[in-house]
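Every number here is computed from the coordinates shown, using simple stated rules; none is lab data. None of these values were measured; they are calculated from a predicted model. All Cβ positions, even for glycine, are placed from backbone atoms using ideal geometry, and neighbour counts span all protein chains on display.
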Amino acid sequence: MESLNRMALELVDEAIDFADELNVAAYELDSEATVLDFGVETSGGVEAGLLLAELQTAGLATVQTRMDEVGGAPLQHVELTTDHPALALLCSQKAGWELGVEGFEGLGSGPARALVAEEDEYRRVGYTDAFEFAVLAVESDELPGDPVAEHVADLAGVQPGAVFLPTFSTASVTGSVNVASRAAELAVFRLSELGYDPLDVVSVSGSAPVAPVAADDETAIGRTNDALAYGGQVHLTVREEFDRFDELPSTAADEYGTPFEQLFDDADWDFDEIPASVFAPAQVTVDVVGGSTTVHGATDEEMVAESFGL
């Protein structure tokens with residue numbers, strides 16, 4: 001497999017070439033790092049959110065929208081499919097890099113994580129990237145500056161001028177679309193955390209409704225997580241049976257039924273205080289090659305509709 005960052009860089013170039021059409025903007029910092037505003041000071045949009053999800057998965061996933069309903073209301077849903085779930089979702093798309101640099105707060109996802117490769121999933125998958133450019137998507141309500149770019153460059157082992165930081169606010173069209181693309185990643189990560197070999201996941205498809213854009217990031221984080229935990233659906237094709245498939249969906253968590261904004265409030269917005277089991281799709285079908293097909297969990301349209309204010 002080629003470098004994840006090299007494949008993502010092609011999509012960065014596409015975003016720069018079509019910045020006007022995507023309603024995004026790109027500019028160079030003093031350090032020569034490049035920031036791409038996908039939805040902080042720019043409006044971004046649905047196409048920007050889809051391209052960003054492709055970029056986060058290093059081009060190893062197909063991402064698209066479809067129309068469906070929630071509580072009788074027609075809403076966009078995002079679908080993501082990949083035949084490379086370990087690399088595309090765990091080693092690339094997962095939001096696993098917390099950025100706290102000189103007052104800046106953000107959450108990093110994308111292939112630059114694989115240049116550092118200190119998270120457990122890289123050991124499980126057996127992958128580390130090596131490339132002279134680093135692409136890290138940043139979820140934040142402000143745009144990163146030179147201190148963030150230099151921090152990323154230092155940890156990734158590249159020059160600051162080789163760092164690309166596509167950045168978006170959760171409270172944006174881009175953010176709502178992008179977070180809805182993560183149902184499949186949540187399922188594969190949860191399965192890996194339960195002890196299943198991620199390399200035995202053959203393919204995965206996931207979908208979730210796109211949350212209405214909120215007025216602030218806290219409400220947006222609550223809505224987009226509710227969309228996944230109460231409206232997300234995933235189909236997994238795997239090689240081996242496992243006696244813990246029933247623990248995959250969010251319905252298996254003790255906290256199931258509590259809106260995410262309340263969960264975050266109760267934890268004083270400390271993500272580490274929230275059980276990992278709640279970050280899961282609502283319903284999962286597991287298809288074992290040559291074996292059983294089982295369905296676990298269920299969606300809750302009423303919870304999603306209430307969260308969305310429908």
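When the residues of the stretch 26-58 are filtered to those that are of a type in the set (Gly, Ala, Ser) and either under 24 Å from Ala211 (Cβ atoms) or within 20 Å of the chain's Cα centre (by Cα) (or both), which remaining residue is surrounded by the fewest Cβ atoms within 10 Å (Cβ to Cβ)?
My answer is Ser43.
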Are there any pairs, at least 6 apart or on different chains, whose C-beta atoms fall under 6 Å, with the first in the stretch 258-283 and in contact (Cβ under 8 Å) with a residue 12 or more places away in the chain and within 19 Å of Ala184 (Cα to Cα) and the second of a type in the set (Phe, Trp, Tyr) and surrounded by 13 or more Cβ atoms within 10 Å (Cβ to Cβ), and if so, which?
Ala282/Tyr230
Please list, ordered by first then second residue, the pairs with beta carbon atoms under 6 Å, 6 or more apart or interchain, first in the stretch 32-43 and under 14 Å from Ala137 (Cβ atoms), second among the acidic types (Asp, Glu).
Thr34/Glu28
With the first residue restricted to the stretch 101-113 and required to be without any contact (Cβ under 8 Å) to a residue 40 or more places away in the chain and within 13 Å of Ser140 (Cβ to Cβ), and the second required to be among the aliphatic types (A, V, I, L, M) and not in a loop (DSSP other than H, G, I, E, B), Cβ contacts under 6 Å at 6 or more apart or on different chains are Leu107/Ala95
Members of the stretch 210-232 found to be surrounded by fewer than 24 Cβ atoms within 10 Å (Cβ to Cβ) and outside any loop (DSSP other than H, G, I, E, B), listed by number:
Asp217, Glu218, Thr219, Ala220, Ile221, Gly222
Restricting to the stretch 236-250, and then to whatever is in a helix (DSSP H, G or I) and among the charged types (D, E, K, R), can you tell me which residue is nearest to Ser292 (Cα to Cα)?
Asp246
Counting just the residues of the stretch 131-151 that are in contact (Cβ under 8 Å) with a residue 60 or more places away in the chain and part of a helix (DSSP H, G or I), which one comes out farthest from Asp217 (Cα to Cα)?
Glu150
